[in-house]
Amino acid sequence: MASIARLLLLVLLSTALTVSSGSGYGYTINGRVKIPQGLGTAGLVLPGKMSNIKVILNGGQIVSYLRPDGYFSFQNIPAGTHLIEVAAIGYFFSPVRVDVSARNPGKVQAALTENRRGLSELVLEPLRDEKYYEIREPFSIMNVVKSPMGLMVGFMLVVVFLMPKLVENMDPEEMRRAQEEMRNQGVPSLASLLPGGGRN
Amino acid sequence: MAIRSFFVPFLLLVLWFYSSLSPVLSLYEDQVGLMDWHQQYIGKVKQAVFSTQKTGRRRVIVSTEENVIASLDLRHGEIFWRHLLGSNDVIDGIDIGLGKYVITLSSGGSILRSWNLPDGQMVWESFLQGPKHSKSLLLLPTNLKIEKDNVIVVFSNDRLHAVSCIDGEVLWKKDFETESFETQQVIQPPGSDLIYVVGFAASSQFEMYQINARNGELLKHESAIFSSGFLRELSLVSSETVVALDSTGSILLTISFQNGEISFQQTPISNIVEDSSGPAVIIPSSVPGIFAIKINSVTIFIRVIGKGKLEVVEKLNQETAVSNALPISESQQAFALVQHAGSEIHLVAKLAHDWDANLLKESIKMDQQRGIPHKVFINNYIRTDRSHGFRLLIVMEDHSLLLLQQGAIVWSREDGLASIIDVTASELPVERDGVSVAKVEHNLFEWLKGHMLKLKGTLMLASPEDVAAIQSMRLKSSEKSKMARDHNGFRKLLIVLTRAGKLFALHTGDGHIVWSHLLHKSEACQSPVGLNLYQWQVPHHHALDENPSVLVISRCGPSSDAPGVLSFVDTYTGKELNSLSLDHAVVQVIPLPHTDSTEQRLHLLIDSDKHAHLYPKTSEALGIFKREFSNIYWYSVEDHNSIIKGHALKCKCTGEVADEFCFDARDLWSVVFPSESEKITATVTRKLNEMVHTQAKVMADQDVMYKYISRNLLFVATVAPKGSGEIGSVTPEESWLVAYLIDIVTGRILYRVTHHGAQGPVHAVFSENWVVYHFFNLRAHRYEMSVIEIYDQSRADNKDVWKLVLGKHNLTSRISLFSRPEVITKSQSYFFTHSVKAIAVTSTAKGITSKQLLIGTIGDQVLALDKRFLDPRRSVNPTQAEKEEGIIPLTDSLPIIPQSYVTHALRVEGLRGIITVPAKLESTTLVFAHGVDLFFTQLAPSRTYDSLTEDFSYALLLITIVALVAAIFVTWRLSERKELQDKWR
């Protein structure tokens, strides 16, 4: 299988006749699906993966599979504008519009519908990989700190160790005034502690 | 001051933390299989070929009625590989070539493919064309070679082809000039270079062509006329003899064409079978010297002795299946017979030339619910004592596949589940006291250990073994597959009806089959065809000791006006409670929103004469029905002449049927679409059981819009008749699509929009006050999705809060659909990349949670797309207020985020339908997608805001609390000491 994949990459075809008038009733669309090695991360281009790629004409009118070298063909296609989709797990392929012209058979006209890019030959490549799973972030101390429990612990620590320092750094006079105020007020209400709830 | 300055950043921190909670709803790779399950099937096996390789794993290659070719492990029945061919590409025949290629002939004999046997990679593909359509036959002679190349002989499209097995090259082809020649058999006598093509021309002429297999040269052409004509079926009894029936089915004709000379031998059936009555049919088989005919339900095996002399060897009254012949040695051929006898099946393997000796005779107990055996395939192996052992692959009536060996079932596959027709959900029984709770909790130590492992996992400290242990622990969790209701409503039963007429109950936890039931056959109805499934009785929560039941509607025979059959099945036990054979057809079923005192739902069945029949047939139901008599409306769609009609009830049935449960219907309205320009392709209504939380929708500018929520809205899409074909068959100028919203009580068209240059197929979904539909835009040559939202304007002036408080609003006023509704509609369209096979919407218990569309794509995946992407209020530059409301800036196409595929890296091969069932927990919905495969998962469209996530670490919480308590004690101690020191100072 690996050799097939390599073959797929190494075989460079200069000309691929995309549309030819077939013997019989319609035309033939030949093309190929190419999965560049760089795109699939390690382990994504699994053996047997190629065998599960389907090429679908006009939303299911004809379903075709790939040969080991990535080629596919549709036969007996009437002239007109057709749509080819590639269904491959792990890759995002843009659908391709293919014009089969009755006037000049053999003329290639194909374009990706997603980005309107024209194709000189019918070689379909995935636009991007599709990763279906979230990647778990590796353990970091920040994650623990950010978790609700971490925040609780952090808050406790701050209150326990920083608050006394803050109180110490206060101007003793201001402190006395604050204490007096508190005494006048009685029990400090929660509202005065909350931002915006206090008077000054 | 200081306190405040500290608090503000802290609160901000908390806020930031909550807002940054994982923004994408998706799955981690290690969560696969926790909430979801996936089952792979192949469908009812049509043909099976055993791989006779000496080395490697033993396989069987099968082709099925679902159009799958698959390679199965002969030892366990697992799928090695599988391909689902296109729906227009029906498999005609399969075989194995050179021991390493699977050859398939499909598409009416026009496509010949070769697949690599070990991994299923396609090797070559060959297109065979011919002058006209004909029977397709595939033949792989074992020892026929042309230039060291094994040859595949294919007869298709009235042309004989010889194809190379290595590369699919056509070596030669041969046409048959005779007009109206219908080939029945292609015979290649082993060890010769000849091919015989036999068949009928006109109705009474037998034709035989002898062809040189090396080059396709016609050696001989003979024909003979038999005046009373033939039935179009042949049975091959030797390489130069066939048996046919005359057109009346009462005379057997032995036709031999030895050395190119055709000779007939007539034997009236009554001569050899004493009490024969009625016409006979030939059962296709290929056992040398023996053929089988069926008269009424009796199978008769007849042996051909010498020159056309016939002898009856056995008459079997039970349902019997015969296998093809299997060569076991140079001169011996074996075949198998499977008979159904009550709760057992009898297997017999015999040698073709010796009827009386049995190679194998076994009886196997068989589940009654599997029905009768339909097909049998035989394979042999050599035992250690050099005798022959046989294994039989049998296909049962319920489409299941079983491998039998040494008197036991080695494995079985429930392949009926590949063809689901209808699905409904049912609750599980309530947990009784003292049932299995203790078992789940085992003991505290285990529990703690589990959580410590989990904690290690979250801290990324776990070793690979630990990870494996965690994974298996999560997957195994016995909670999941318990046979009782759970608090969150995740555990349910999915009741599915398959094409074979079998009901299955699948547990949502892990997908195992809880029970299965083959629909009861009565004398009146031998082969019921299952149609639909409805919830018949859903006991209210105060009557929990009663079991819920479902109603299965089936039809007695293939035609649409055949009488219907109702079956009532208990969903806890799978027992058929009752079965009714109706005397009328069932064209339409209307579940009414009323139940009687035993919680049986009232159903109205419309027959082909437009009579409505009420079920259950009780006087109580009739009483309830009478009260609602004038409020029942329904519609019918006549596809062929593009008419939609609205109906209401008129009076009791008049005429011969004096039945008080039968009612006449009257036509209220009809919408006739101009047949030259519009053809109905899709009609969709809202789901009956859908919950809508609120009618009001608050806009960003504190404005309120009222959704137009009516159960009586119908979405209809029509296309130009020219554009109803495939893409590419029509130009944008001559194709259009018109979407309508029609009120089905009055027939009033509330909204109509035309999409020029658009084409079907149209897939649509209707929920609350919106419709989303998918179609093809020919101008842009891309698929498009449109949304229509409909709002009620008559309530628009209820915006004043004071009016609401003082009760001066019209919200409680009655709405009559007969008054002209003041509605406004908004719509918008977007491009969508893929073709769509099915489209559904999530549904939750109370309808509070935001909705997601579930789109089954052409790649057999299910994509979850937030409804917010299909909001007609999206604009290119939303205002600040709109952004806060959650309106996404307008883009021309809908995004496809790979993480939002609910099927993640799996495929639901041959996807046909998506069903959503609300869980009891408001945030969660259960999703079941079916096709050839089954897939089930839980979805939380707005995340699980009402429960902790599965990966919530209780241990971390515990540890934090312990740490906090410890810290309190430590600091208390510290402060005490400090105070003491201060006092000493």
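What follows draws every value from the coordinates through simple rules; no lab data is involved. All values reported here derive from a predicted model rather than from experimental measurement. Every residue, glycine among them, receives a Cβ derived from its backbone with ideal geometry; neighbour counts consider all protein chains shown.
Across q = 0.05, 0.06 Å⁻¹, the protein assembly as shown modelled as identical point scatterers on its alpha-carbon atoms has Debye log10 I(q)/I(0) values of -0.45, -0.64, in the order of the q list. Counting, for every residue in B:962-968, the Cβ atoms of other protein chains within 10 Å of its Cβ and taking the mean gives 2. Candidate cross-link partners of B:Lys679 among the lysines, defined by an alpha-carbon separation under 26 Å and a same-chain spacing of 8 or more, comprise B:Lys610, B:Lys645, B:Lys687, B:Lys722, B:Lys826, B:Lys837.
Annotation: lysines with alpha-carbon distance below 21 angstrom to B:Lys978 (same-chain offsets under eight excluded): A:Lys165.
Are any of the pairs B:Lys46/B:Lys502; B:Lys846/B:Lys867; B:Lys454/B:Lys883 more than 28 Å apart by Cα-Cα distance, and if so, which? Table pairs above 28 Å Cα-Cα are B:Lys454/B:Lys883.
Note on B:Asp609/B:Ser228: beta-carbon distance plugged into 1/(1 + (r/R0)^6) with R0 of 51 Å gives a FRET efficiency of 0.75. Scanning chain B for cysteines with no neighbouring cysteine C-beta under 4.7 angstrom from their C-beta gives B:Cys165, B:Cys651.
Legend: translational diffusion of the stretch B:519-672 by Stokes-Einstein, Rh = Kirkwood radius over C-alpha pairs, 37 °C, 0.692 mPa s; D = 198 µm²/s. The stretch B:230-278 and the stretch B:541-606 have Cα centres separated by 48 Å. Around the amide H of B:Gly43, modelled in the peptide plane, lie the amide H atoms of B:Ala418, all under 5 Å away and 5 or more residues distant in sequence or on another chain.
Considering only B:Tyr41, B:Leu455, B:Asn143, and ranking their Cα positions along the charge dipole of the protein assembly as shown that arises from unit charges at the beta-carbon of Lys, Arg, Asp and Glu, the one farthest toward the positive end is B:Leu455. Listed by chain and number, the aspartates and glutamates placed with their C-alpha closer than 20 angstrom to that of B:Lys220 are B:Asp158, B:Asp175, B:Glu177, B:Glu179, B:Glu182, B:Asp193, B:Glu207, B:Glu240, B:Glu261; residues fewer than eight positions away on the same chain are left out. Rounded to the nearest whole Hz, the Karplus-based 3J(HN,Hα) values (6.51 cos²θ - 1.76 cosθ + 1.60, θ = phi - 60°) of the stretch B:553-562 follow the sequence 9, 10, 10, 8, x, x, 6, 6, 9, 6, with x at glycine and proline.
Summarised as an ellipsoid, the stretch B:841-906 has semi-axes of 24, 16, 9 Å, derived from the eigenvalues of the Cα gyration tensor scaled by 5 and square-rooted, with the largest first.
For the stretch B:181-195, backbone phi angles converted through the Karplus equation (6.51, -1.76, 1.60; θ = phi - 60°) give residue-by-residue couplings of 7, 10, 6, 10, 9, 10, 10, 10, x, x, x, 10, 9, 10, 10 Hz, Gly and Pro being listed as x.
Show me the ranking of peptides B:393-405, B:67-79 by mean Cβ neighbours inside 10 Å, starting with the highest. Mind showing how you got there, number by number?
Working: B:393-405: 24.2, B:67-79: 19.2.
Packing proxy ranking, top to bottom: B:393-405, B:67-79.
Put simply, the amide H of A:Leu83, placed in the peptide plane, has neighbours under 5 Å in A:Asn58, A:Val98, leaving out anything fewer than 5 places away on its chain. Backbone amide hydrogens, once placed in the peptide plane, bring A:Asn76 within less than 5 Å of A:Gly26, A:Tyr27, excluding anything fewer than 5 places away on its chain. Mind checking which of B:Phe127, B:Gly646, B:Phe869 is farthest towards the positive end of the protein assembly as shown's charge dipole, using Cβ charges of +1 (Lys, Arg) and -1 (Asp, Glu) about the Cα centre? Among B:Phe127, B:Gly646, B:Phe869, the one farthest towards the positive end of the dipole of the protein assembly as shown is B:Phe869. Of the residues B:Ile187, B:Gln600, B:Leu72, the one whose Cα sits farthest towards the positive end of the charge dipole of chain B is B:Gln600 (charges of +1 on Lys and Arg Cβ, -1 on Asp and Glu Cβ, taken about the Cα centre). Each helix, a run of at least 4 DSSP H residues, gives -39500 (n - 2.57); summed and divided by the residues of the protein assembly as shown, these come to -4000 deg cm²/dmol at 222 nm. Peptide B:73-86 has a mean shielding of 2, counted as Cβ atoms of other protein chains within 10 Å of each residue's Cβ.
Placing +1 on each Lys and Arg Cβ and -1 on each Asp and Glu Cβ, with no other charges, gives the stretch B:578-723 a dipole about its Cα centre of roughly 360 debye. The C-alpha atoms of chain B define a longest principal axis, and helix B:444-458 lies at about 90 degrees to it.
From the alpha carbon centroid of the stretch B:329-387 to that of the stretch B:467-531 is 32 Å. Per residue of B:107-117, other chain Cβ atoms within 10 Å of the residue Cβ number 2 on average. So what's the angle, to the nearest 10 degrees on a 0 to 90 scale, between helix B:2-19 and the longest Cα principal axis of chain B? That works out to roughly 20 degrees.
For the stretch B:133-146, putting each phi into the Karplus relation 6.51 cos²θ - 1.76 cosθ + 1.60 with θ = phi - 60° gives couplings of 6, 8, 4, 10, 10, 10, 9, 10, x, 6, 10, 9, 10, 10 Hz, in residue order, rounded to whole numbers and with x for Gly and Pro.
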